[in-house]
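Here's the structure, in C-alpha cells; my notes come after.
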Amino acid sequence: MFDSPPGTYPHQMQISRQFGNTLREAPADADTIAHQLLVRGGFVDQLMAGVYSYMPLGRRVKQRIEQVIREEMDHAGGQEVLLPTIQPVDIWEQSGRALSMADVLFQLTDKRERAMVLGPTHEEVITKLFQDHANSYRDLPVTLYQIQTKLRDETRPRNGLVRVREFTMKDAYSFDIDEEGLDQSYDQMFKAYERIFKRLGIPIVAVEADSGAIGGKGSQEFIFLTDSGEDTVLICEQCGYAANQEKADFLRVDAGKSEIQSIEEIETPNATSIDELTDFLKIDSNQTAKAVLVMAEPLDGGAPFPVFAVVRGDLEINDVKLMNAIGARSLEPMQDTQIREYGLVAGYASPINLSNSLKTIADISIPGAINLVSGANKPDTHFRNTNYGRDWTADLVADIALAGEDHLCAHCPEDVESRLRARRGIEMGHVFRLGTTYTNHFAVTVLDETGKQLTPTMGCYGIGVERIIAAAVEEHHDEHGIIWPASIAPYDVHLIGIGMVRDEAVKEDAEALYQELKDASIDVIFDDRDESPGVKFNDADLIGIPIRLITSSRNLKAGLIEVKHRDSDKTETVPRKDLVTWLQVNQTT
RNA sequence: CGGGGAGUGGCGCAGUCUGGUAGCGCACCUGUCUGGGGGACAGGUGGUCGUCGGUUCAAAUCCGGCCUCCCCGACCA
C-alpha cells in the first residue's frame, strides 16, 4: 500500500450531465426560504410529508456536513459505529420508552409476528451493545457515535427539512464510571459542538433545556435563532442566561403586600376567564388565582388521573414543567363531564374544599400571593381574599409557570433588574447528561478496580443533519439564491464558459481549465451548457458555490480569468496561468 | 386529533360560480438567429383534471365518500 497513489479523486460535474435542473419558481407548498431555494436549486425533492430525496447537489452538501461532524467527533475521541434501524420492541419496553415515545414510534411486525420498531433514536441499542462488549472500568470512558437515518412518526411534519419523519442524525453516546467522568465527556462534546457549528457557519446559542422523554438530569440545546423556528427560547442579555421556554425559570414579581383579609364570596356573573374577571372587578390579573384542570397520563402507563393546577392569574401554565412535577407523560384538558364528575364548576373552579381525588399543585407564585380572587366552585361566584395556607394547601408546590418576554431574570444579581427576551429558534443539537437511566434499565455493570460492580453513567449528544442544511441556507442566502459556507458547499468552484459555441478557443480553454482544476484536486462544477450568460449566472447564484470562475473570448485574449466570490459583489481577475495556484492559496476550506 | 386552505403535464397558474373541443407561462424536444444577468422567432412532446361513486344526452365543472399535500393549533430526544 505504500506505493499506491492516494486514490482520491476530486469531485467534478458538468452541468449538462447533472441530474436535475433548476426551477424558476418554487412549489407552492414550500414555505420557508430555505425550502424554496433547496427545491429550486435541485438539491432536494419531496416524496411525501416529511420525507425527502436528496439529489446529487443536496447529497453532496449533506455529505460534507457529515464529514465535518465526523472529523470533530473523531477529534474529540469518539468512535464511529453503525447501528440497526430496525429494532425489537422488547428493548423499548425494557427502557419504558415504548410508552413514553409511543406517539412517534413507527411499529411493525415481521412474518412471525415479532413486534419491531424503526429506530427513532438509539439509546436502547447502544446500551445493549455496550453491555455485550464492556466488562471493566478499564474499558471506560468511551464515546460511540453514529451518523444515521432515524425515523419518527411525527404528528405533523412541517417547515421543509426542519420537522421531518425520516432524517439523519449524528448521535453520540458516552459511558463513564462516575459523575465526574460524565462531566468531562459532556464538556468535551459540548466543545466539539461549538467547533462543529463554527465550521458549518451556523450561529447558535446554547440554552438550558428540558430532557423530555429521553430522561436524564440536565441538558442543553444548540439553537439556531430564526423567526421561522418552532421553539421559543428566553435569553437574558445581562447575564447570558438562556433557556428553552419549556425549561426557563424566572423571578415572580411580588404583587404588592397588604394585610391578610377575611375571605368573602362575591357575585361574578359571566366571568369565567381571567380577562372577564379582572374587567368585572377592575383588578390586576396578579390579584387572581388561575385554575387549570387537566387529566394526566402517568409515566408508568397507568390510568389518567385528574390534576388541579393553580398559577397566579397573570401567569400561564408551562405544560412541560407541570408534567415533570407530577410525573406525567402527557396532559389532556379535562372534559366538561369529568369536571362535573369531580364536583367542579367550569370557569369557577376553586382550590378550596377540593375532592381528595384530585392531585393539587400550586405554582411557587401562589404561596406568597395574598388576598387572591379565586373560584368559589359555584356558578357566577368567586371568593375574594383567598390565601394559600389559610384557606387551602396543595399536594405540591413547584415551578409550573411559563416564562415569557419581559419576565425578570432569575439568574442576575438581586440588585440588577434584567428582563428576559423571547426569541424563536430551531433546535440543531442537544446534549444530555443521561446518568444511569438506561444502564439501570438494562442492568449494565462493569467491574471497578476492586472487583465490585458499578453502573456506568451515560451522556448522549445529537445533531440533526438536515436541519443544518436548512439553517445554513436560511442564514446564508440573498435574493438570488444560496450562498454556501465554503465548508459545506457542494463544490469549491463553479466554472462558467461564456460563448463556447461561438468561439471554439473559449471552449477548448474552458475544458482545459476544467481538467486542470480536477488535476489540482479542486472540486469543480462546470457549466458547459449552450445557455446564455444570464441563465448561467442566475443558476450559479441560485446553487451558491463559493467561487465562480468565468472564461470568455474577452478574458482569453487578455490571458485572464474572472473570479467572483458568491458572497461579494466584486469581481477580480487573475492571470490564467496562475489560477490554480491562486485558488490553492485562497481556498478557505 | 381540532380549525383553515389546496389538489388541472416536471414547476407556477387560469378554467369550476353559470356542465358542452382541457388552456397559459416556465421547463423539455427540433431548427434558425442571438450571445456578459433567466433573449427572439417558428414548429413540437407531454395531462384518465387526486381517487371512487352518483346526477346528466354530456362532468375538470354539480352531489357524496375517500386519499393526499400545505398552514395554525395540539403534539414533538
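The values are calculated or read from the model by the stated rules, or taken from the named source; none is laboratory data. Here the structure is a predicted model, which is why all the values come from computation and not from measurement. Heads up, the Cβs are rebuilt from the backbone with ideal geometry, glycines too, and the neighbour counts pull from every protein chain shown. Calculation scope for accessible area: heavy atoms of the full protein, side chains included, ligands and nucleic acids excluded. Shrake-Rupley method; radii C 1.70, N 1.55, O 1.52, S 1.80 Å.
Listing for the model above:
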item	result
Between 0 and 90°, nearest 10: helix A:179-200 axis offset from chain A longest Cα axis	50
Residues of chain A: accessible area per residue with a 1.4 Å probe, Å²	47
For chain A: relative contact order, % (alpha-carbon pairs under 8 angstrom, 6 or more apart)	17
Residue-averaged [θ]222 nm for chain A, counting only DSSP H segments that reach four residues, each worth -39500 (n - 2.57)	-7500 deg cm²/dmol
The stretch A:83-153: GluC sites (Glu not before Pro) in DSSP coil with no more than 12 other Cβ atoms inside 10 Å	A:Glu113
Solvent-free Debye scattering, log10 I(q)/I(0), computed from the Cα coordinates of the stretch A:487-528 at q = 0.21, 0.22, 0.28, 0.29 Å⁻¹	-0.63, -0.68, -0.93, -0.96
Of all accessible heavy-atom area on chain A, the percent that carbon and sulfur account for (1.4 Å)	47
Given A:Lys170/A:Lys321; A:Lys198/A:Lys570; A:Lys507/A:Lys570; A:Lys257/A:Lys359; A:Lys150/A:Lys536; A:Lys150/A:Lys191, the pairs whose alpha carbons are separated by over 32 Å	A:Lys150/A:Lys536
Ellipsoid semi-axes in whole angstrom, largest first, where each is sqrt(5λ) of the Cα gyration tensor of the stretch A:410-535	54, 27, 12
The stretch A:491-586: C-alpha pair distances exceeding 19 Å, %	33
On Cα atoms only, tilt of A:504-519 relative to the major axis of chain A in degrees	60
Longest segment of chain A lacking chymotrypsin sites (Phe, Trp or Tyr not before Pro) that sit in a DSSP loop with at most 14 other Cβ atoms within 10 Å	A:20-589
Pairwise centroid distance, computed over Cα atoms, of the stretch A:529-589 with the stretch A:322-373, Å	67
Low-density loop cleavage sites - trypsin sites (Lys or Arg not before Pro) in the stretch A:78-140, where at most 13 other Cβ are within 10 Å (DSSP)	A:Lys111, A:Arg112, A:Arg114
Candidate residues A:Thr149, A:Thr450: accessible-area rank, largest first, probe 1.4 Å	A:Thr450, A:Thr149
Relative contact order %, the stretch A:264-398, counting alpha carbon pairs below 8 Å whose residues are six or more apart	29
Cα-based Rg / Dmax (Å) for chain A	29.8, 98
Cα principal axis extents for the stretch A:264-398, largest first, Å	44, 31, 24
Between 0 and 90°, nearest 10: helix A:533-543 axis offset from chain A longest Cα axis	40
Cleavage-rule hits, GluC sites (Glu not before Pro), the stretch A:321-422, DSSP coil, Cβ neighbours within 10 Å at most 13	A:Glu405, A:Glu414, A:Glu417
